[in-house]
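Student: Below is a structure I'd like to ask you about.
The values are calculated or read from the model by the stated rules, or taken from the named source; none is laboratory data. All figures in this text were calculated on a predicted structure; none of them were measured in a lab. Heads up, the Cβs are rebuilt from the backbone with ideal geometry, glycines too, and the neighbour counts pull from every protein chain shown. Note: areas computed on protein heavy atoms with side chains; ligands, DNA, RNA excluded. Shrake-Rupley method; radii C 1.70, N 1.55, O 1.52, S 1.80 Å.
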Amino acid sequence: MAFPTTNILDNFNRDNEGPPPSGDWKNETSGFCGGLEVVNNQCVIDGLGLGGAAVAIWDDNAIGPDCEAYITIVTRPGNSYNVFVAVRQTTDNMTTADGYSVAIGRDDVDGDKIYIQRIDNGAQNTLGAEIDCVFSDGDKIGIRVIGANPATITAYHDTGGGWIEVGSREDSDYDDAGYLIIASDDADDVIVLDDFGGGDYDSSSSSSESISVSSSSSSESISSSSSSESISSSSSSESISSSSSSESVSSSSSSSSESISISSSSSSSSAMPGTVCWGHTKPAVQEVYARTFAVHWTGTGTIAGVGDNETVFLLSGQFEESESWYVGSFKVQLLEDKYKVGAGTPILKYKTGATRVACEAAGWNNYTVPFQSLGWVKARIEVS
C-alpha cells in the first residue's frame, strides 16, 4: 500500500514560537516531559524535562483508528538517541498514555535501528525484532496503524528516494482512535525536525513516491525506487516451482515470475546506478536494464531457454548467484515473482559491499525486508 496517503499538516514555516510549536499543537500534561518549538522555520527541542523526552501532541481531537503519521529529520539526534512518531495515543499525559509508535535510533557503535513499539502507560515496548537501517540527516520516518484485534502496525523509512515499508507487526491491545505525537529523547539537543504529516488513513489514495517491497505493478513506484534505490527481483531466477519429484524444486526464471530485477547500474562494471531485471528482455520489463541469466548468473542450477522464456531450474540443495551489481548507497529491495507467478518458495539472499571485491567477499544475509546497500549488491536463490 502506498505511503503516505495523507498530507503535510505542519511545515513549521512561521515566526519562532513555542512550546508547543503552534496553537494546532499542545504540550503533554504530566509536566514530566519537555516540549518542542519553532526556530528558524523548523522544529527543535525546547527541553527534555525530567522524563528525558521532548513531546508535541497534534490537535485536540482523536484521529483514526486507521491512521498514519510521519516526520522529516533534517538533523539527526546525537549518538544513542531517538526520534518517535506515535498514533492512537490514548491521553496527553505521557506517564499514563497507551498507543503505538515507530522510533528511529542513531547508534554509531552497533548500527542504527528502527523500532516498532507498543506504548503501555508511557513505556515503549518493542514488538518483535529491531530493524537494521542507516539513519542519515534528511531521512523521514513514518507509521501506519490499520485494523483492530489485531491491528497492523507498519514502519516506513525514506532515505531520499521514496518511502519503503521496512517492517510490520500485529497487536491487539489498542484499537481506538487517538492522538498523533512526535517526540525525541535527544539530550545532545541537536535534532532538527520538519514537515510533519498524518491523519486518517485513506485507503483509496496512492502516492507516486511510495516504494513497496512488493510493488511491481506501478511504473511510478518502480522508477522512484528502481533507478538507484531498490533491488527488485522478478520472477525468473527467484520463482521456484516444484517438479514431479517430491524432493526436487525448480525455479522458473524467465517471464513474470521467472525473472529477478535489481535496481542498480547499467552493467556490473558501471558506476552509474539503475534498476535491472534478469531473465527478461526489454521492453517487457519496467526496470532500466534487462540482462540474461546465462553468463550473468552462476551456480549449481540449470539455466534453459532464451529471452523472455529463459528459466532457472533448481533441485534440492542447488543455488544460483547473480553477478555483482552497483546500486549505490541506497535502500534496496528484492521482489519475487514480479512479472509472472511461479510455484514453490525459494530462499532469497543478498550480500553487499563498498566495492565489488568487498561485496563478493561478504557473507550472505537472508532477505526479509529492504536493506541498506553499501554500494555493490549480489543476489542468490537456493533450495534447501
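Student: Just name the residue that is nearest to Asn125 (Cα to Cα) out of those in segment 151-174 that are within 15 Å of the chain's Cα centre (by Cα) and of a type in the set (Phe, Trp, Tyr). Give the derivation first.
Tutor: Step one: of segment 151-174, the residues within 15 Å of the chain's Cα centre (by Cα) are 153-169.
The next check asks that each one be of a type in the set (Phe, Trp, Tyr); those that pass are 156, 163.
Details: Tyr156: 18, Trp163: 24 Å.
For segment 151-174, the residue satisfying everything is Tyr156.
Student: Just the residues that are part of a helix (DSSP H, G or I) and either among the β-branched types (Val, Ile, Thr) or within 17 Å of the chain's Cα centre (by Cα) (or both), please, taken from segment 343-384. Even if it seems obvious, please write down each step before you answer.
Tutor: Of all residues in segment 343-384, those part of a helix (DSSP H, G or I) come to 356-361.
Scanning segment 343-384 gives a single hit, Val357.
Student: Scan segment 10-39 residue by residue and report those that are under 15 Å from Thr72 (Cβ atoms) and without any contact (Cβ under 8 Å) to a residue 40 or more places away in the chain. Full working, then the answer.
Tutor: In the first step, residues of segment 10-39 are kept if they are under 15 Å from Thr72 (Cβ atoms); the result is 10-13, 21, 36, 38.
Of everything in segment 10-39, those that are under 15 Å from Thr72 (Cβ atoms) and without any contact (Cβ under 8 Å) to a residue 40 or more places away in the chain turn out to be Asn13, Pro21, Val38.
Student: Only one residue in Ser324, Ser329, Ser373, Ser316 is touching a helix residue (DSSP H, G or I) at 6+ places or on another chain (Cβ under 9 Å) and modelled with pLDDT under 90. Which one? First the steps, then the outcome.
Tutor: Values: Ser329 fails: touching a helix residue (DSSP H, G or I) at 6+ places or on another chain (Cβ under 9 Å); Ser373 fails: touching a helix residue (DSSP H, G or I) at 6+ places or on another chain (Cβ under 9 Å); Ser316 fails: touching a helix residue (DSSP H, G or I) at 6+ places or on another chain (Cβ under 9 Å).
Among Ser324, Ser329, Ser373, Ser316, only Ser324 is touching a helix residue (DSSP H, G or I) at 6+ places or on another chain (Cβ under 9 Å) and modelled with pLDDT under 90.
Student: Can you say whether Thr96 is part of a strand (DSSP E or B) and surrounded by fewer than 18 Cβ atoms within 10 Å (Cβ to Cβ), as far as the supplied structure shows?
Tutor: no
Student: List the number of the failed condition for Ala187; all other conditions in (1) open to solvent by less than 50 Å² (accessible area, probe 1.4 Å); (2) within 21 Å of Ser80 (Cβ to Cβ) hold.
Tutor: Unmet condition: (1).
Student: So, of the residues in segment 31-87 that are assigned to a strand (DSSP E or B) and of a type in the set (Phe, Trp, Tyr), which turns out to be nearest to Gly18 (Cα to Cα)?
Tutor: First pass over segment 31-87, keeping only residues assigned to a strand (DSSP E or B): 34-39, 42-45, 54-63, 67-75, 82-87.
This time we only want the ones that are of a type in the set (Phe, Trp, Tyr), so: 58, 70, 84.
Numbers: Trp58: 13, Tyr70: 20, Phe84: 19 Å.
Applying the filter and picking the extreme gives Trp58.
Student: With the structure loaded, tell me whether Gly49 is open to solvent by 20 Å² or more (accessible area, probe 1.4 Å) and modelled with pLDDT under 95 or whether it fails that test.
Tutor: yes
Student: In segment 2-26, what residues are part of a loop (DSSP other than H, G, I, E, B), within 29 Å of Ile146 (Cβ to Cβ) and not hydroxyl-bearing (Ser, Thr, Tyr)? Step through it out loud before you land on a result.
Tutor: Of all residues in segment 2-26, those part of a loop (DSSP other than H, G, I, E, B) come to 2-7, 11-16, 18-24.
Still in the list and also within 29 Å of Ile146 (Cβ to Cβ): 2-7, 11-12, 20-22, 24.
Passing the criteria: Ala2, Phe3, Pro4, Asn7, Asn11, Phe12, Pro20, Pro21, Asp24.
Student: Name the residue, out of Gly111, Gly160, Gly142, that is assigned to a loop (DSSP other than H, G, I, E, B) and in contact (Cβ under 8 Å) with a residue 40 or more places away in the chain. Let's see the steps before the verdict.
Tutor: Details: Gly111 fails: in contact (Cβ under 8 Å) with a residue 40 or more places away in the chain; Gly142 fails: assigned to a loop (DSSP other than H, G, I, E, B).
None of the other options fit; the residue is Gly160.
Student: Moving to a separate point now. When only residues in segment 99-115 that are more than 19 Å from the chain's Cα centre (by Cα) and surrounded by fewer than 21 Cβ atoms within 10 Å (Cβ to Cβ) count, which is farthest from Asp188 (Cα to Cα)? Don't jump to the end; show me each part of the working.
Tutor: Step one: of segment 99-115, the residues more than 19 Å from the chain's Cα centre (by Cα) are 99, 108-110.
Going one step further and asking which of them are surrounded by fewer than 21 Cβ atoms within 10 Å (Cβ to Cβ), we end up with 108-110.
On the way: Asp108: 14, Val109: 17, Asp110: 19 Å.
The extreme case among them is Asp110.
Student: Could you grab me the full set of residues in segment 173-184 that are surrounded by fewer than 24 Cβ atoms within 10 Å (Cβ to Cβ) and farther than 11 Å from Gln89 by Cα?
Tutor: Matches in segment 173-184: Asp173 only.
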